[in-house]
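The values are calculated or read from the model by the stated rules, or taken from the named source; none is laboratory data. All figures in this text were calculated on a predicted structure; none of them were measured in a lab. Neighbour counts are summed over all protein chains in view; Cβ atoms, including those assigned to glycine, are modelled from backbone coordinates with ideal geometry. These accessible areas exclude ligands, DNA and RNA; they are computed on the full protein's heavy atoms, side chains included. Shrake-Rupley method; radii C 1.70, N 1.55, O 1.52, S 1.80 Å.
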Amino acid sequence: MIPGDGPLAGAGALISGASSGIGAATARDLADHGAAVCLVARRRERLDRIAEEIADRGGKAYAVAADVTAPGGADGAVQTALERLGRLDVLVNNAGVMLLGTALHAAVADWDRMVALNVSALLHLTHAAVPYLIDAAATSPRRVADIVNVSSTAGRVARPASSVYALTKFGLNGFTESLRQELLAERVRVGVIEPGTVDTELVDHLAGETRDSARRQVSSIDPLRAEDVAEAITYVVTRDRRVAVNEMLVRPGDQTW
């Protein structure tokens, strides 16, 4: 597909956690389908490199380095996106971190970090973006706008040593469904993608034996690629306005949980 053309031509999209993995792959795929994209994360150098890659392919991409765990950072990121894109039609809440550990041995700082990035960042970005998404749904040729929240199978199945991670993902799923009902009349679709094991740097944030144990657990699985999840997100936001894909569970073919 020619960048700048396609079902998202003229649309603006903001993707959080876009400096690597699912976020970066989503930014590329949405741009390939015609959207102008705003990449949001903390790591400026990585954002710039991905934005340049998209531009080299003929797309429009802008890097915004921001800490969206704070309301001011999220508001600033949304306002910068609006300045660069001119509008906001799609919000992909992808920023997140997984820090495993039992209640006996986990550091409270790790719990706080997960809540900040997996929950607070999503809430702040969503709150800042909703008015502009409503406006986009009313004024764009597509006559619809989209919020896609990236959750996990951990939002469906709780496992040992992942209690707070599961808390953030179960909570994300509940928030998504409630928000979906709130925004129905505004023609802002709200959906959640729940990936299983994905080959990203998520496990790299773990330390020592916890990281090694997590790697052993998934060593027999042929994991999803970030591009597989990105394609699922693109599928959701490119449906005709009469179609709302509210939930999508995407697992590797040999993952049992």
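Among the residues of segment 116-129, not a single one is more than 20 Å from the chain's Cα centre (by Cα), closer than 30 Å to Arg87 by Cα and surrounded by fewer than 19 Cβ atoms within 10 Å (Cβ to Cβ). Exactly one residue among Asp89, Asp48, Asp110, Asp67 is farther than 26 Å from Pro195 by Cα and either open to solvent by less than 20 Å² (accessible area, probe 1.4 Å) or of a type in the set (Asp, Glu) (or both), and that residue is Asp48.
Looking only at segment 12-34, decide whether some residue is farther than 18 Å from Ile147 by Cβ, assigned to a helix (DSSP H, G or I), among the basic types (Lys, Arg) and touching a helix residue (DSSP H, G or I) at 6+ places or on another chain (Cβ under 7 Å).
Let us first name the residues in segment 12-34 that are farther than 18 Å from Ile147 by Cβ, namely 19-21, 24-25, 28, 31-32, 34.
After this cut, where a residue has to be assigned to a helix (DSSP H, G or I) as well, the list is 21, 24-25, 28, 31-32.
Imposing the further condition that a residue be among the basic types (Lys, Arg) reduces the set to 28.
Now drop any that are not touching a helix residue (DSSP H, G or I) at 6+ places or on another chain (Cβ under 7 Å), which leaves 28.
Among the residues of segment 12-34, at least one is farther than 18 Å from Ile147 by Cβ, assigned to a helix (DSSP H, G or I), among the basic types (Lys, Arg) and touching a helix residue (DSSP H, G or I) at 6+ places or on another chain (Cβ under 7 Å), which makes the answer yes.
For the residues Gly101, Gly96, the requirement of being under 21 Å from Val236 (Cα atoms), open to solvent by 10 Å² or more (accessible area, probe 1.4 Å), touching a helix residue (DSSP H, G or I) at 6+ places or on another chain (Cβ under 7 Å) and outside any helix (DSSP H, G or I) singles out Gly96.
For residues in segment 185-221 being charged (D, E, K, R), modelled with pLDDT of 90 or more and not in a strand (DSSP E or B), which is most open to solvent (accessible area, probe 1.4 Å)?
The selected residue is Arg187.
I'm checking my understanding of the structure. Among residues of segment 135-163 that are open to solvent by 20 Å² or more (accessible area, probe 1.4 Å) and among the aliphatic types (A, V, I, L, M), which one is nearest to Ala232 (Cα to Cα)?
So, considering only residues that are open to solvent by 20 Å² or more (accessible area, probe 1.4 Å) and among the aliphatic types (A, V, I, L, M), the one nearest to Ala232 (Cα to Cα) is Val157.
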